[in-house]
1. Determine if the range 13-33 includes at least one residue that is touching a Lys or Arg at 6+ places or on another chain (Cβ under 8 Å), within 18 Å of N169 (Cα to Cα), without any contact (Cβ under 8 Å) to a residue 60 or more places away in the chain and outside any strand (DSSP E or B).
2. Tell me, which strands (runs of 3 or more DSSP E) wholly within the range 322-404 include 3 or more residues that are within 21 Å of the chain's Cα centre (by Cα) and under 18 Å from G459 (Cβ atoms)?
3. Tell me whether the range 122-130 contains one or more residues that are assigned to a loop (DSSP other than H, G, I, E, B) and touching a helix residue (DSSP H, G or I) at 6+ places or on another chain (Cβ under 6 Å).
4. Kindly evaluate V75 against the criterion of being of a type outside the set (G, A, S), over 20 Å from L238 (Cα atoms) and assigned to a strand (DSSP E or B).
5. Looking at Y556, Y551, which one is within 32 Å of the chain's Cα centre (by Cα), farther than 30 Å from F200 by Cα and in the same structural domain as V517 (by TED's automatic domain parsing)?
6. Please work out if V516 is within 22 Å of E577 (Cβ to Cβ) and touching a Leu at 6+ places or on another chain (Cβ under 8 Å).
7. If you check I153 against the conditions, is it in contact with a Ser or Thr (Cβ under 9 Å, 6 or more places away or on another chain) and over 30 Å from H215 (Cα atoms)?
Amino acid sequence: MQTVTGKTYFKVPHFETIRDLIRYSTEKYGDLAAYRYHEKPGGPDIIQTYRDFSQAIDETGTGLVRLGFKDQHVVVVGENSYEWAVANTAIVNGVGVTVPLDKQLPLSEVINLTVRGKAVVFIYHPKHHDIAKAVSEVNSTVRSFICMKRGVIEPELQAKDPRFTDLDNVRAIGREALAAGDKSFIEASIDPDKMSSLLFTSGTTAMSKGVMLCHRNITHNVFAVMSSIQLKPGDRALSVLPLHHTFENTVGMYMMLGYGLNVCFTDGLRYLVDNMKEWKINIILAVPLLFENIYHAVQKKLEKSGKLALVNKMRKIAKVLNLFGIDIRRKLFKQIHEGVGGNLKLCVSGAAAIDKEIAQFFNEIGIDFWPGYGLTETSPVISANNSFNQAYGSVGNPLATIEVAIDTDSNEPGAIGEILSRSPSNMLGYYENPEATAEVLTADGWVRTGDIGCLDKKGNIYITGRLKSMIVLPNGKKAFPEEIEFFVNRIPGVKESLVWGDEVSRDQVDICAKVVVSDDLLPEALIGQPDKISAHVAEQIKLINQEMPAYKAIRYFIWTSQELIKTTTLKVKRPEEAKVIKALLAENNTSMRVLTGKHINT
């Protein structure tokens, strides 16, 4: 087994609990803006300082305790908002266990996960009001339904079901209790090793697992990230990823607050550039798809203006000058910077692999771009590139104090095996599922990630695929869809792809691909020409096959203009896509061999 441990680059505070982190930030950055947002897109800025945030947490937490919810499980669901951050932090800082749910879950899964999570309180965003009402009709265990905004709950509903109230009312109860000297919340004992967050992984209700995290898991991960990167108080970070996702929760919220940053809630993806310009955003944490879209939009604009070749030459010049300490990137590429807001200086990409050309592009025009890696089970960040170590194509070194291992018998750099991670960030286990926990957590403290990869000589981690999606061929050879998809996604006009093994018979497995084509990315001569698009993709796949071992060659492909099915963090749902493809073949009584090259509408 090969192992590597992350380095510490910066000396930073190490908090035992999230409450310690909030109190440290309030004392250090009290009157700085902690949160900035609009009530409606384009509306006036609403600013909440660190002191405001701390007070809101204390009032909410005290109110929930006064209402009898001490040591209970509380669902939090809805859009990213200041109220979401207040509620979630209040719950973990002295009330009980937070159960954040994916805002895009269908009603049936919200109902089931509320039961599985043993929640007795349901805090929700106004957009989830109808879902909250539906849950209330079938779940008598939930003792309170709390809307994050006032003026949403109908008077007749409140009269009929007094369980419905709003967060302002809860805060008012807490404020009154605090004024009377109630310290039950602000002095509550917090066990840093006891479950404080229960996060359900993506998947169907029956398949999803509840990841149990404690304060120590999260605060250690905050410490590990802060030890690897340095940010300035007052910098502005745009909150794009959903807050129920561990990356946004741990890094996009708590790590940002630890540094005294201003977290800005986007009005929505279509307002992304407007928000970046208006708020002079410095930092974005997001998934690769968002950065890919920005990259492709910039490339297309440069191509149309005839400046692409010039910019690529200037990138090389700027790179050489930078080696001699002459950094003129922001001046050279001023127009590109203005197109993405004008103040962006750091992008951190997580959740999936990203083309190294995209990372190089951002870095070479003067925007630090650091791909990273992690899992919900590791709270979540395991590794990332940083200003001291940038290895294109990798997800960087492990963070400070985090150990990473490759499960292989070889000692040679580049040997492939399952990636394992060990640190205080590792989860407590899966909720009420000891069998699944034993499959992932080893007796000596390693988390089996399910990802396959390798280490280079400098300890950088390279991910080649997922164990679960691995294609095993009849001759025993193995192919990873993600590795092949990487090349397919570089075809001009291709937005994304899905590769799988089609088991034709016991002795034959054909590697197939579903290719998503976008008019925004296609060469203009191909737009609206299905036959030409098919020929174009076929020719490009032929070239890809020539560069790969024969056993990894794509035999058949279909193409579509419809996006693949994804989670809220934009990861492709492979099992659901497999069902769609299987249904398509069955419905048409056909095979991939017959359909290859065809345009489909699903």
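1. Within the range 13-33, not a single residue is touching a Lys or Arg at 6+ places or on another chain (Cβ under 8 Å), within 18 Å of N169 (Cα to Cα), without any contact (Cβ under 8 Å) to a residue 60 or more places away in the chain and outside any strand (DSSP E or B).
2. Numbers: elements: 346-349, 368-374, 381-384.
Ranges flagged: 368-374, 381-384.
3. Here is the first cut: in the range 122-130, the ones assigned to a loop (DSSP other than H, G, I, E, B) are 125.
Pick out the ones that are also touching a helix residue (DSSP H, G or I) at 6+ places or on another chain (Cβ under 6 Å) and you get none.
No, the conditions are met nowhere in the range 122-130.
4. Working: of a type outside the set (G, A, S): yes; over 20 Å from L238 (Cα atoms): yes; assigned to a strand (DSSP E or B): yes.
In short, yes.
5. Working: Y551 fails: within 32 Å of the chain's Cα centre (by Cα).
Just one listed residue meets the conditions, Y556.
6. On the way: within 22 Å of E577 (Cβ to Cβ): yes; touching a Leu at 6+ places or on another chain (Cβ under 8 Å): yes.
So V516 passes the test.
7. Details: in contact with a Ser or Thr (Cβ under 9 Å, 6 or more places away or on another chain): yes; over 30 Å from H215 (Cα atoms): yes.
Yes: the conditions hold for I153.
For every residue, the table says whether it meets (1) β-branched (V, I, T); (2) under 30 Å from T569 (Cα atoms).
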{"residue": "L272", "(1), (2)": "no, yes"}
{"residue": "I281", "(1), (2)": "yes, yes"}
{"residue": "A286", "(1), (2)": "no, yes"}
{"residue": "E292", "(1), (2)": "no, yes"}
{"residue": "V298", "(1), (2)": "yes, yes"}
{"residue": "L302", "(1), (2)": "no, yes"}
{"residue": "K307", "(1), (2)": "no, no"}
{"residue": "N343", "(1), (2)": "no, yes"}
{"residue": "C347", "(1), (2)": "no, yes"}
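The values are calculated or read from the model by the stated rules, or taken from the named source; none is laboratory data. Remember, predicted model here, so these are calculated numbers, not experimental data. Heads up, the Cβs are rebuilt from the backbone with ideal geometry, glycines too, and the neighbour counts pull from every protein chain shown.
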